[in-house]
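Remarks on the structure that follows.
Nothing in this text is a laboratory measurement; each read-out follows from the coordinates by a stated rule. Keep in mind the model is a prediction, meaning the values are calculated, not measured. Virtual Cβ from ideal backbone geometry, glycine too; neighbours counted across all protein chains shown.
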Amino acid sequence: MRTQDSAGGPAAAPSVRETAGSAVMDQPLYVAAAKIYPRAVHGWFAAWRWALVWATQLVFYGGPWLPWNERQAVLFDIAQRKFYIFALVFWPQDVIYLTVLLVISALSLFLFTAVAGRLWCGYACPQTVYTEIFLWIERRIEGDRNQRIRLDRGDWGARKLGLKAVKHAVWIALALWTGFTFVGYFTPIRELENSVLHFDVGPWATFWILFYGFATYGNAGWMREQVCKYMCPYARFQSAMFDRDTLIITYDGARGEPRGGRARGRDKGTLGDCVDCGICVQVCPTGIDIREGLQYECIGCAACIDGCDQVMDTMGYPRGLIRYSTQHALDNKLGVRDMWRRVFRPRILLYTAVLWGIIFAAAVALYIRIPLKVDIIRDRAAIAREVEGGLIENVYRVQLMNTRERARRFLLQAEGLPGLTLVGDRTLDVDGASARLVPVKLRVQPAQVTAGKHPITLTVQAEDDANVAVREKTIFIVR
Ligand code: SF4
Ligand code: SF4
């Protein structure tokens, strides 16, 4: 058995003879992945894809270079356990916001998938975006589909060697820049730049730059559609989120069949609108034929729509032989208005309402967030002891986190027991975006309390703003 690559060439495959009943047939143990040579395509959806490539990459490559308050605007400082995002500083205690972000991401994915299938895969997934960029470089250097096929099939010579060397050099440079940018989100990028220029990068930064760079080069340059087909789990469970009113990329078989070639301007007779030119297959980055129906390999990039629309324009037929539609609309020949009415079905409205509710709640929580965190740790080595004057003392360790970026003075106060007094300094200065751990001693007269555990409250309040205050409950032990 032989397999064909997307350019029509044979791909080698070892085979064994296998018996099935009385028949004897050749079955390949392993079929080499056929190389796909996607043809360049232009059109409305290609423009959208490129708009998203620009938008996502401007954010990604530009993000770590933005300054804010004499620091990097976006920095995930793992060593210091602080995440800076413009004016916000997140601490490990803010993990709830990360959870909310994950919930919002998951709900958005459900919503977009239920509305229009693999929108994320087709337009914004890093695998799609980098494959698009790497393909663009490949086309600039080696030419479009037919030139690339000829080049790959031709003998090795100076020209082929030169073109391949230049292509891989540009790919590797871009991949390393991507790895450098990625690491620049976790370590100040200007310091990293300085280290790179002086060949003085630390081992971890070197590892991650090379690792991320290698992953980019391998995934976008070599693996491409294989990542989507075999490695990405999303392709496998997407069908669970589709229903008959989900917008998918469809071929209108009723209009297109029977397919067949014909000269432009000639009467098509009994043929459908599909001229069987194969352009929709040639532009497909995963090499599938959408005319065979929805397949899990389809990443929803809509390149086949643009390709087919160009053919329809040339032939003088209406556009949309391949188009976004729904199973319901195709089966019942629904008009555009009816189809869209069903797209915004109750499930979608519910997802949208829940999503906006969570986004609104998260935004409000962030807005009213107090830039102060307090953790009280009881000193177990000295639970309760008698000190001078017969007083009972409990010792606590209080951690104050000033999440504002400027230094602040805080006032400490304890209440909850008669005669409860705080020993030592009641004012504490904490630097901007810093934490300070201080011992706090509380004392009471034994005559004023009974033995046991007593709930008390420790209040920490900013000296310059009474609204910035945290009340933490703890216990005072009397033996
Ligand atoms: S691009 Fe359109 S006309 Fe050409 S084969 Fe595909 S569906 Fe048929
Ligand atoms: S079938 Fe069309 S939408 Fe699906 S991956 Fe191929 S070109 Fe993209």
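Details
- The Cα trace of the stretch 211-290 gives Rg and Dmax of 18.3, 58 Å, the first to one decimal, the second as a whole number.
- Per-residue ellipticity at 222 nm computed for the chain from its helices equals -11500 deg cm²/dmol, with DSSP H segments shorter than 4 residues left out and the rest contributing -39,500 (n - 2.57).
- Over the chain, all Cα pairs binned in 20 Å intervals from 0 give whole-percent P(r) values of 17, 37, 27, 14, 5, 0, listed from short to long.
- Net charge of neighbours whose Cβ lies under 11 Å from the Cβ of residue 268, counting Lys and Arg as +1 and Asp and Glu as -1: +2
- Toward the positive end of the charge dipole of the chain, with +1 on the Cβ of Lys and Arg and -1 on the Cβ of Asp and Glu, the farthest Cα among 438, 181, 407 is that of 181.
- Net +/- balance of residues flanking residue 94 in space, Cβ distance below 9 Å, scoring K and R +1, D and E -1: +2
- Taking a Cβ cut-off of under 11 Å around residue 405, the surrounding Lys, Arg, Asp and Glu residues balance to a net charge of +3, with basic ones at +1 and acidic ones at -1.
- With 10 Å bins beginning at zero, the pair-distance distribution over Cα atoms of the stretch 388-433 amounts to 20, 44, 25, 10, 1 %.
- For the chain, Cys with no neighbouring Cys Cβ under 4.7 Å: 121, 125, 228, 232, 274, 277, 284, 298, 301, 308
- When the chymotrypsin sites (Phe, Trp or Tyr not before Pro) in the stretch 109-190 are filtered for DSSP coil states and for at most 10 other beta-carbon atoms within 10 Å of their beta-carbon, the remaining sites are 156.
- Close Lys-Lys pairs in the chain, where close means Cα under 20 Å and separation is 8 or more or interchain: 10
- Spacing of the modelled spin labels on residue 155 and residue 469, each 7 Å from Cα toward Cβ, amounts to 8.9 nm.
- D_trans [Stokes-Einstein, Kirkwood Rh over alpha-carbon pairs] for the stretch 245-304, 20 °C, 1.002 mPa s, µm² s⁻¹: 170
- Size of the stretch 66-150 as Cα extents on the principal axes (Å, biggest first): 58, 38, 20
- What the Kirkwood sum gives for the stretch 372-478 is a hydrodynamic radius of 14.3 Å, with every pair of different alpha carbons counted.
- Considering all C-alpha pairs of the stretch 288-331, those separated by over 12 Å amount to 64%.
- Cα-centred dipole magnitude for the chain, charges only on beta-carbon of K, R (+1) and D, E (-1), debye, nearest 20: 580
- Between the listed residues 237, 360, 84, the Cα displaced farthest toward the positive end of the dipole of the chain, a dipole computed from Cβ unit charges relative to the Cα centre, is found at 237.
- Magnitude of the charge dipole, the stretch 205-257, Cβ model with Lys/Arg +1 and Asp/Glu -1, debye to 20: 200
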